[in-house]
Amino acid sequence: MSNESSEAPISAATLNSFQPRSQAREDPAWVRWLLVGTTYLVIGLLVAVPLIHVFHQAFSAGIGEYFRKLGDRDTLHAIFLTLMVSPVAVAMNVVFGLAAAWAIARFQFPGRTVLISLIDLPMSISPVVAGLVLMLVLGLQSPVGQWLRDHGWQIIFAPPGLVLATAFITFPLVARELLPLLESEGVDEEMAALSLGASGWQMFWRVTLPNLRWGLLYGIILCNARAMGEFGAVHVVSGRISGQTDTLPLRVEKLFQEYDNPGAFAAASVLTLVAILTLIGKSVLERKVHRG
Amino acid sequence: MKTITRRVLPGFGLSLGYTVTYLSLLVLIPLAACILRATNLTLEEFGRAAWSPRARAAYWLTFECAFWAAAINLVLGLVVAWTLVRYRFPLKTLIDALVDVPLALPTAVTGLVYANLYVSDGWLGQFLSPLGLEVAYTRLGIVLVLVFTGFPFVVRSVQPVLAELDAEEEEASAVMGASRWVTFRHVMFPHLLPPLLSGFTLAFARGVGEYGSVVFISSNIPFKTEIAAVLIRSRLEEFAYREAAAVAVVMLGFSFVLLTLISLVERWSQPHVK
């Protein structure tokens, strides 16, 4: 390593471990104060105040009123619907994520890179466009939708449509976590299991899946948070029938439009709580995954 | 090695088959159907639906707001990433954790809270209104919620690069007499440019697609505060499916361009990142 400066004959690695103590890397005090102040201001106004505001508004009329608002029949149904729709959509994407990660990380085949970028595609599509696209295929104005209705299946303006829209929006979230993890794991343990006579499924359940467990959980948590909060796509396919196809985020909007602020904030507080729990779970898991 | 594993490891056909089937059924076929639906229109009809003055105003507003929000995030994100990496200050861990909130908070909640905070008699709006700054139900409000939703992208892409920067370069620059600003501008900034750019495009793309929070804080008036996603929804509510599909196809086209742009930026920034 060449040292242009005689004052710093220490390696970069040692220096980095002591940072930011090194003199030359220290900013003037006024810059430090300015930047730290800006950070407090930005995070405070942008994130902290809105978070506090949700709970402040939700509880502004007292705890009793809060639970009365949450106990509203349509709000309760919206919570129930969100709790039904999200796990199904997440489960669909977990199965897909496992299959896609296995195929892409373990095998070489033509079109592999195209497949990888196609998996990311749904994330870059506006949720409203995603909802519209599903509606055009499965709605009553399309032949497929009519055929489905003739056979007693209603997809659009019904819970199955909500599940599909949610699954579409959260499509790559599990696969994206599993793919790099599986690639870094290597095949040695799986090969060992196979050579000792395990069947393919035995290898999957006993070796592959246990190795992926934290990454999988991480993906599920992220996917679930997005699924529960999904708004745009669900908005289009739901038809917004109170007490039937309103998920919790849609219920928030409806209450907002009805000028029922305490009700809207009570519903929003539940979603905010989910978001906070997600972030806590995420940071715990991040530490676990990094430790291996 | 790959060719060996293909013969030995099981499940190739099953996993790839399932992946492709699921992808096609849920994503590819619906997308194709939407594009087909739009191509059912004659070119003139398509033009009238997708490129009407109202639609053009909506596209322009969408991109304008997303651009300004991403530009603001470029500056704010760099400042926050810098302080988080370089300084020690009270509540640092909490602030670091709060950066991720926009990724996890449902957009409907964002919209609700921001609209409520910034109406003229709201917690924050009451201070801004006398200054002539109306946020709720204006374009300013749209930019504000997009700043919120795109905020983590710049911070999270700059942070690791900043932490890995070579201390020796900075030391050398300082020893040779460069001021702190010159060091930042000429020694550090070139390393930070690729992650800044990648954060910018990610925040921009997110802003272009954002719907939930905007619906709450914008008055959604055509030509004034109506973004493309809201236009699609209004067309749908009029049961004008083909017109909605035409606008959606234009937005899909923009998404593809953005997606390509993101992967180009990422590929370009790869060699710079250690």
| task | Rounded to whole Hz and in sequence order, give me ³J(HN,Hα) for the stretch A:252-264 from the Karplus expression 6.51 cos²θ - 1.76 cosθ + 1.60, θ = phi - 60°, writing x for Gly and Pro. | result | 4, 5, 4, 5, 4, 5, 8, 6, 9, 4, x, x, 4
| request: Sort the following peptides by mean Cβ neighbour count (other Cβ atoms within 10 Å, averaged over residues), highest first: A:136-143, B:104-111, A:67-74. | output: B:104-111, A:136-143, A:67-74
| Straight-distance crosslink candidates among aspartates and glutamates, where the alpha carbon sits under 17 Å from A:LYS254 and sequence neighbours closer than 8 are dropped | A:ASP72, A:ASP74, A:GLU230, A:ASP246, B:GLU237
| said: What distance in nm lies between label points placed 7 Å from Cα along the C-beta direction at A:ASN211 and A:ARG287? | reply: 2.7 nm
| Calculated [θ] (222 nm, deg cm²/dmol) that DSSP helices of n ≥ 4 give over chain A, each run adding -39,500 (n - 2.57) | -22500 deg cm²/dmol
| field | Most mobile of A:PHE256, A:PHE109, A:PHE168 in a GNM of chain A (Cα contacts under 10 Å) | value | A:PHE109
| Pairwise label distance in nanometres, B:ASP121 with A:LEU277, each label 7 Å out on the Cα-Cβ vector | 3.6 nm
| message | Show me the ranking of peptides A:227-233, A:207-213 by mean Cβ neighbours inside 10 Å, starting with the highest. | response | A:227-233, A:207-213
| task | Net charge near A:THR278: determine it from the other residues with C-beta under 15 Å of the C-beta of A:THR278, scoring Lys and Arg +1 and Asp and Glu -1. | result | -2
| field | Spatially proximal aspartates and glutamates relative to B:LYS92 (Cα-Cα < 14 Å; intrachain offsets below 8 disregarded) | value | B:ASP100
| CD proxy at 222 nm, helix term only [per DSSP H run n ≥ 4: -39500 (n - 2.57); per residue of chain B; nearest 500] | -23500 deg cm²/dmol
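Averaged over peptide B:245-252, how many Cβ atoms belonging to another chain are found within 10 Å of each residue's Cβ? Please list the in-between numbers first.
On the way: counts 5, 0, 3, 9, 2, 1, 5, 7.
For peptide B:245-252, the averaged partner shielding equals 4.
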| remark: By the C-alpha gyration tensor axes a ≥ b ≥ c (rounded if a/c is under 1.5, else prolate when a/b exceeds b/c, else oblate), the shape of the stretch A:177-292 is prolate
| said: Show me, for the stretch B:77-93, the HN-Hα J-couplings you get by feeding each phi into the Karplus relation (A = 6.51, B = -1.76, C = 1.60, θ = phi - 60°), rounded to Hz, glycine and proline as x. | reply: x, 5, 4, 5, 4, 4, 5, 5, 7, 8, 10, 10, 7, x, 6, 4, 4
| query | With springs only between Cα atoms under 10 Å, which of B:PHE89, B:PHE151, B:PHE200 fluctuates most in a Gaussian network model of chain B? | reply | B:PHE89
| request: Would you mind giving the mean number of other chain beta-carbons within 10 Å of the Cβ of each residue in B:76-88, as a whole number? | output: 5
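Values in this text are rule-based calculations from the coordinates and carry no lab data. Note that the structure is predicted; figures quoted are calculated from it, not measured. Virtual Cβ from ideal backbone geometry, glycine too; neighbours counted across all protein chains shown.
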